[in-house]
Amino acid sequence: MSPSEQTHHFRRLVAIWTALSVVADVVFYFAVGPHVPPGAMTTSASGQQTDFIVLFMIALPVMLAVWVYMAYALIVWRGSGAGADDPEGGAKARGHLGIQVGWIATTTVIVLGVFVYGTVELIVPAGAGGGEGPSPIWTPASHDVLPIQVIGQQWQFTYRYPTFGGFETRQLMLPVDTPIAFHVTSLDVIHSFWAYQLGVKADANPSSDNIAFTTAKQLGAFTVRCSELCGLWHGAMYNFGRVLPKAQFFAWAQSTERQNAANTKLLPAFSYTYVPDANGADGGYYPDNVDPYSNVEQYGATTPSGK
Ligand SMILES: [Cu+2]
(Lines give C-alpha, C1' and ligand atoms only; values in the text may rest on other atoms or scores of the structure.)
Protein backbone atom coordinates (compact mmCIF):
# COMPACT_ATOMS: atom_id res chain seq x y z
CA MET A 1 0.00 0.00 0.00
CA SER A 2 1.50 3.37 -0.97
CA PRO A 3 1.74 6.28 1.51
CA SER A 4 -0.76 8.31 -0.52
CA GLU A 5 -3.42 5.62 -0.06
CA GLN A 6 -2.91 5.62 3.74
CA THR A 7 -3.32 9.40 3.89
CA HIS A 8 -6.47 8.99 1.89
CA HIS A 9 -7.91 6.53 4.44
CA PHE A 10 -6.97 8.74 7.35
CA ARG A 11 -8.60 11.79 5.78
CA ARG A 12 -11.76 9.83 5.05
CA LEU A 13 -11.85 8.59 8.65
CA VAL A 14 -11.41 12.12 10.00
CA ALA A 15 -14.09 13.47 7.66
CA ILE A 16 -16.63 10.78 8.65
CA TRP A 17 -15.80 11.21 12.34
CA THR A 18 -16.06 15.02 12.21
CA ALA A 19 -19.42 14.94 10.45
CA LEU A 20 -20.89 12.34 12.82
CA SER A 21 -19.47 14.13 15.89
CA VAL A 22 -21.01 17.45 14.91
CA VAL A 23 -24.39 15.82 14.22
CA ALA A 24 -24.27 13.78 17.47
CA ASP A 25 -23.33 16.79 19.61
CA VAL A 26 -25.94 19.09 18.06
CA VAL A 27 -28.68 16.46 18.34
CA PHE A 28 -27.68 15.70 21.92
CA TYR A 29 -27.61 19.35 22.93
CA PHE A 30 -31.02 20.21 21.52
CA ALA A 31 -32.96 16.93 21.73
CA VAL A 32 -31.57 15.31 24.88
CA GLY A 33 -30.04 18.23 26.81
CA PRO A 34 -33.24 19.69 28.28
CA HIS A 35 -34.18 16.23 29.63
CA VAL A 36 -30.86 15.45 31.30
CA PRO A 37 -31.27 14.87 35.06
CA PRO A 38 -31.79 16.47 37.48
CA GLY A 39 -33.56 19.09 35.38
CA ALA A 40 -33.43 22.85 35.89
CA MET A 41 -35.63 23.48 38.91
CA THR A 42 -32.88 25.30 40.84
CA THR A 43 -29.55 26.97 40.17
CA SER A 44 -27.70 23.91 41.44
CA ALA A 45 -29.86 21.50 39.39
CA SER A 46 -29.35 23.44 36.16
CA GLY A 47 -25.62 23.71 36.95
CA GLN A 48 -25.44 19.93 37.24
CA GLN A 49 -27.47 19.52 34.05
CA THR A 50 -25.04 21.80 32.20
CA ASP A 51 -22.09 19.81 33.52
CA PHE A 52 -23.62 16.52 32.37
CA ILE A 53 -24.34 17.99 28.92
CA VAL A 54 -20.75 19.27 28.60
CA LEU A 55 -19.32 15.89 29.64
CA PHE A 56 -21.58 14.04 27.20
CA MET A 57 -20.61 16.39 24.37
CA ILE A 58 -16.93 15.68 25.08
CA ALA A 59 -17.55 11.93 25.40
CA LEU A 60 -19.63 11.47 22.23
CA PRO A 61 -16.81 12.32 19.76
CA VAL A 62 -14.44 10.05 21.73
CA MET A 63 -16.92 7.18 21.49
CA LEU A 64 -17.55 7.92 17.81
CA ALA A 65 -13.80 7.87 17.09
CA VAL A 66 -13.68 4.27 18.32
CA TRP A 67 -16.87 3.22 16.54
CA VAL A 68 -16.02 4.92 13.24
CA TYR A 69 -12.54 3.38 13.16
CA MET A 70 -13.97 -0.05 13.99
CA ALA A 71 -16.72 0.16 11.38
CA TYR A 72 -14.32 1.51 8.75
CA ALA A 73 -11.82 -1.26 9.46
CA LEU A 74 -14.53 -3.94 9.30
CA ILE A 75 -15.93 -2.69 6.02
CA VAL A 76 -12.90 -1.36 4.11
CA TRP A 77 -10.06 -3.49 5.42
CA ARG A 78 -11.77 -6.83 5.82
CA GLY A 79 -9.46 -9.65 4.73
CA SER A 80 -12.10 -12.27 3.95
CA GLY A 81 -13.30 -10.81 0.66
CA ALA A 82 -12.38 -12.49 -2.61
CA GLY A 83 -9.02 -11.27 -3.87
CA ALA A 84 -8.29 -9.28 -0.72
CA ASP A 85 -4.70 -8.49 0.17
CA ASP A 86 -3.02 -10.25 3.05
CA PRO A 87 -2.87 -8.15 6.21
CA GLU A 88 0.11 -5.82 6.06
CA GLY A 89 2.89 -5.88 8.63
CA GLY A 90 6.21 -4.15 8.82
CA ALA A 91 7.42 -0.99 10.50
CA LYS A 92 4.42 1.15 9.49
CA ALA A 93 2.01 -1.20 11.28
CA ARG A 94 4.03 -1.16 14.50
CA GLY A 95 4.62 2.52 15.14
CA HIS A 96 3.82 5.99 13.87
CA LEU A 97 5.36 8.88 15.76
CA GLY A 98 2.77 11.41 14.61
CA ILE A 99 -0.16 9.24 15.72
CA GLN A 100 1.51 8.45 19.06
CA VAL A 101 2.30 12.07 19.89
CA GLY A 102 -1.15 13.16 18.71
CA TRP A 103 -2.83 10.45 20.78
CA ILE A 104 -0.97 11.34 23.99
CA ALA A 105 -1.46 15.07 23.46
CA THR A 106 -5.20 14.75 22.71
CA THR A 107 -5.99 12.42 25.61
CA THR A 108 -3.93 14.61 27.98
CA VAL A 109 -5.81 17.73 26.93
CA ILE A 110 -9.20 15.97 27.33
CA VAL A 111 -8.43 14.49 30.77
CA LEU A 112 -6.78 17.63 32.19
CA GLY A 113 -9.53 19.79 30.68
CA VAL A 114 -12.23 17.68 32.33
CA PHE A 115 -10.29 17.80 35.60
CA VAL A 116 -10.03 21.61 35.56
CA TYR A 117 -13.66 22.05 34.46
CA GLY A 118 -14.91 19.63 37.13
CA THR A 119 -12.88 21.28 39.88
CA VAL A 120 -14.04 24.80 38.97
CA GLU A 121 -17.66 23.64 38.72
CA LEU A 122 -17.43 21.98 42.13
CA ILE A 123 -16.12 25.08 43.88
CA VAL A 124 -17.57 28.10 42.11
CA PRO A 125 -21.36 27.52 42.11
CA ALA A 126 -21.73 26.83 45.83
CA GLY A 127 -20.55 23.26 45.77
CA ALA A 128 -23.06 22.49 43.02
CA GLY A 129 -25.73 21.80 45.63
CA GLY A 130 -23.66 19.44 47.74
CA GLY A 131 -23.24 19.87 51.47
CA GLU A 132 -20.09 21.88 52.09
CA GLY A 133 -19.76 21.41 55.83
CA PRO A 134 -20.26 23.98 58.59
CA SER A 135 -18.11 26.69 56.95
CA PRO A 136 -18.52 26.68 53.16
CA ILE A 137 -15.70 28.22 51.14
CA TRP A 138 -18.29 29.83 48.87
CA THR A 139 -21.35 31.74 50.08
CA PRO A 140 -24.10 33.42 48.05
CA ALA A 141 -23.56 37.07 47.14
CA SER A 142 -27.01 37.96 48.43
CA HIS A 143 -27.36 38.95 52.08
CA ASP A 144 -30.95 37.81 52.00
CA VAL A 145 -30.48 34.05 52.39
CA LEU A 146 -33.31 32.01 53.87
CA PRO A 147 -32.00 29.40 56.33
CA ILE A 148 -33.92 26.12 56.51
CA GLN A 149 -32.79 23.39 58.84
CA VAL A 150 -33.14 19.78 57.69
CA ILE A 151 -33.19 17.30 60.57
CA GLY A 152 -32.78 13.62 59.77
CA GLN A 153 -33.74 10.94 62.23
CA GLN A 154 -34.83 7.33 62.03
CA TRP A 155 -36.86 7.46 59.84
CA GLN A 156 -38.10 10.81 58.71
CA PHE A 157 -37.03 14.31 57.80
CA THR A 158 -38.34 17.36 59.60
CA TYR A 159 -37.64 20.99 58.80
CA ARG A 160 -37.12 23.99 61.05
CA TYR A 161 -37.46 27.60 59.94
CA PRO A 162 -35.35 29.72 62.34
CA THR A 163 -36.45 33.03 60.82
CA PHE A 164 -40.10 32.15 61.52
CA GLY A 165 -39.80 31.47 65.22
CA GLY A 166 -38.06 28.13 64.76
CA PHE A 167 -41.17 26.04 64.10
CA GLU A 168 -40.65 22.44 63.02
CA THR A 169 -42.72 20.71 60.37
CA ARG A 170 -42.71 17.69 58.08
CA GLN A 171 -43.59 19.97 55.14
CA LEU A 172 -40.70 21.42 53.15
CA MET A 173 -41.83 24.61 51.45
CA LEU A 174 -39.45 26.92 49.58
CA PRO A 175 -39.96 30.38 48.09
CA VAL A 176 -38.97 30.76 44.43
CA ASP A 177 -36.11 33.10 43.42
CA THR A 178 -34.72 33.22 46.96
CA PRO A 179 -31.25 32.01 47.94
CA ILE A 180 -31.67 29.19 50.45
CA ALA A 181 -29.16 27.75 52.89
CA PHE A 182 -30.07 24.22 53.92
CA HIS A 183 -28.55 23.40 57.31
CA VAL A 184 -28.54 19.61 57.38
CA THR A 185 -28.05 17.66 60.58
CA SER A 186 -29.16 14.44 62.26
CA LEU A 187 -30.45 13.42 65.65
CA ASP A 188 -29.20 9.86 65.50
CA VAL A 189 -27.33 8.00 62.76
CA ILE A 190 -25.98 9.27 59.42
CA HIS A 191 -28.69 10.12 56.90
CA SER A 192 -28.44 12.05 53.66
CA PHE A 193 -30.81 14.76 52.47
CA TRP A 194 -31.34 14.24 48.76
CA ALA A 195 -33.81 16.61 47.12
CA TYR A 196 -33.56 15.19 43.61
CA GLN A 197 -35.15 17.92 41.50
CA LEU A 198 -33.37 20.63 43.52
CA GLY A 199 -29.98 19.12 42.71
CA VAL A 200 -29.20 19.14 46.42
CA LYS A 201 -27.63 16.22 48.25
CA ALA A 202 -26.05 16.70 51.66
CA ASP A 203 -25.11 14.22 54.35
CA ALA A 204 -26.97 14.55 57.64
CA ASN A 205 -24.47 13.80 60.40
CA PRO A 206 -25.21 14.05 64.11
CA SER A 207 -23.45 17.01 65.79
CA SER A 208 -22.65 18.49 62.38
CA ASP A 209 -24.16 21.44 60.49
CA ASN A 210 -23.79 20.63 56.81
CA ILE A 211 -24.67 23.61 54.63
CA ALA A 212 -25.93 23.42 51.04
CA PHE A 213 -27.01 26.44 48.99
CA THR A 214 -29.49 26.65 46.16
CA THR A 215 -32.01 29.02 44.59
CA ALA A 216 -35.26 27.68 43.14
CA LYS A 217 -36.10 28.87 39.63
CA GLN A 218 -39.28 26.90 38.94
CA LEU A 219 -42.47 26.31 40.91
CA GLY A 220 -43.68 22.80 41.68
CA ALA A 221 -43.18 19.64 43.67
CA PHE A 222 -39.92 17.82 44.34
CA THR A 223 -38.95 14.58 46.04
CA VAL A 224 -36.82 14.21 49.15
CA ARG A 225 -35.18 10.86 49.86
CA CYS A 226 -32.72 9.64 52.40
CA SER A 227 -29.70 8.48 50.41
CA GLU A 228 -27.63 6.98 53.20
CA LEU A 229 -28.53 3.51 54.45
CA CYS A 230 -29.75 4.37 57.95
CA GLY A 231 -31.53 1.32 59.26
CA LEU A 232 -34.60 -0.84 58.81
CA TRP A 233 -36.98 1.76 57.33
CA HIS A 234 -34.39 3.69 55.31
CA GLY A 235 -36.35 2.90 52.15
CA ALA A 236 -39.46 4.52 53.61
CA MET A 237 -37.62 7.70 54.55
CA TYR A 238 -38.87 10.12 51.92
CA ASN A 239 -41.32 12.94 51.50
CA PHE A 240 -42.19 15.70 49.08
CA GLY A 241 -41.52 19.40 49.07
CA ARG A 242 -42.88 22.28 47.05
CA VAL A 243 -41.53 25.51 45.59
CA LEU A 244 -44.09 28.28 46.06
CA PRO A 245 -44.43 31.87 44.84
CA LYS A 246 -42.86 34.19 47.43
CA ALA A 247 -46.15 35.63 48.75
CA GLN A 248 -47.67 32.17 49.09
CA PHE A 249 -44.56 30.94 50.91
CA PHE A 250 -44.68 33.78 53.43
CA ALA A 251 -48.38 33.19 54.01
CA TRP A 252 -47.70 29.48 54.62
CA ALA A 253 -44.71 30.16 56.91
CA GLN A 254 -46.56 32.74 59.00
CA SER A 255 -49.69 30.62 59.40
CA THR A 256 -47.62 27.52 60.24
CA GLU A 257 -45.67 29.56 62.80
CA ARG A 258 -48.98 30.53 64.44
CA GLN A 259 -50.51 27.05 64.24
CA ASN A 260 -47.39 25.37 65.66
CA ALA A 261 -46.72 27.96 68.38
CA ALA A 262 -47.73 25.63 71.22
CA ASN A 263 -45.54 22.81 69.86
CA THR A 264 -42.61 25.12 69.17
CA LYS A 265 -42.50 26.06 72.87
CA LEU A 266 -41.87 22.39 73.71
CA LEU A 267 -38.97 22.10 71.28
CA PRO A 268 -35.40 22.87 72.29
CA ALA A 269 -34.27 26.32 71.21
CA PHE A 270 -33.18 26.44 67.60
CA SER A 271 -29.59 25.30 67.26
CA TYR A 272 -27.50 24.24 64.26
CA THR A 273 -26.79 20.90 65.91
CA TYR A 274 -28.52 18.93 68.62
CA VAL A 275 -27.28 16.40 71.13
CA PRO A 276 -30.46 14.39 71.57
CA ASP A 277 -30.44 13.40 75.24
CA ALA A 278 -28.24 16.09 76.72
CA ASN A 279 -30.48 18.99 75.73
CA GLY A 280 -33.79 17.21 75.63
CA ALA A 281 -34.20 17.45 71.86
CA ASP A 282 -35.08 13.80 71.81
CA GLY A 283 -36.70 13.35 68.43
CA GLY A 284 -35.79 9.66 68.33
CA TYR A 285 -38.37 6.93 68.35
CA TYR A 286 -36.74 5.10 71.27
CA PRO A 287 -37.26 6.08 74.92
CA ASP A 288 -34.15 7.59 76.49
CA ASN A 289 -31.53 4.89 76.86
CA VAL A 290 -34.18 2.27 77.66
CA ASP A 291 -33.50 0.28 74.55
CA PRO A 292 -30.34 -1.67 75.45
CA TYR A 293 -29.41 -1.96 71.78
CA SER A 294 -29.68 1.74 71.04
CA ASN A 295 -26.55 3.66 71.82
CA VAL A 296 -27.37 6.25 69.21
CA GLU A 297 -29.35 8.22 71.77
CA GLN A 298 -26.17 9.11 73.59
CA TYR A 299 -24.25 10.77 70.78
CA GLY A 300 -21.66 13.03 72.32
CA ALA A 301 -23.69 13.37 75.49
CA THR A 302 -22.86 12.33 78.97
CA THR A 303 -25.65 10.22 80.36
CA PRO A 304 -27.65 12.42 82.72
CA SER A 305 -27.31 11.30 86.35
CA GLY A 306 -30.10 9.12 87.65
CA LYS A 307 -30.48 7.28 84.34
CU1 LIG B 1 -32.04 8.00 56.68
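The values are calculated or read from the model by the stated rules, or taken from the named source; none is laboratory data. Everything quoted here is computed from the prediction, not taken from an experiment. Here the Cβ is made from the backbone with ideal geometry for all residues, glycine too, and neighbour counts use every protein chain on show. SASA here: full protein model, heavy atoms, side chains in, ligands and nucleic acids out. Shrake-Rupley method; radii C 1.70, N 1.55, O 1.52, S 1.80 Å.
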Can you tell me what share of the DSSP beta bridges in the stretch 146-266 is antiparallel? A percent to the nearest 5 is fine. 70
Whether the stretch 146-266 is rounded, prolate or oblate, judged on the alpha carbon gyration tensor where a/c under 1.5 counts as rounded: oblate
Taking the Cα centre of the stretch 75-232 as origin, sum charge times position over the Cβ atoms of Lys and Arg (+1) and Asp and Glu (-1), and report the length of that vector in debye to the nearest 20. 220
Within the set of other residues whose C-beta is less than 10 Å from the C-beta of residue 158, count the net charge using Lys and Arg as +1 and Asp and Glu as -1. +1
Quick one: dipole size for the stretch 146-266, taken about the Cα centre, charges +1 on Lys/Arg Cβ and -1 on Asp/Glu Cβ, in debye to the nearest 20. 340
Quantify, in whole percent, the carbon and sulfur part of the accessible surface of the stretch 146-266 (1.4 Å probe; protein heavy atoms only). 55
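Over the stretch 150-221, what is the mean sequence separation of C-alpha contacts under 8 Å (at least six apart), divided by residue count, expressed as relative contact order in percent?
31
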From the residues 240, 220, 182, which one has its Cα farthest along the dipole of the stretch 146-266 in the positive direction, the dipole being from +1 and -1 charges on Cβ of Lys/Arg and Asp/Glu about the Cα centre? 220
Note to self: with every protein chain in place and a 1.4 Å probe, the stretch 146-266 gives an accessible area per residue in Å² of 41
Any idea how far the Cα center of the stretch 227-258 sits from the one of the stretch 112-172, in Å? 15
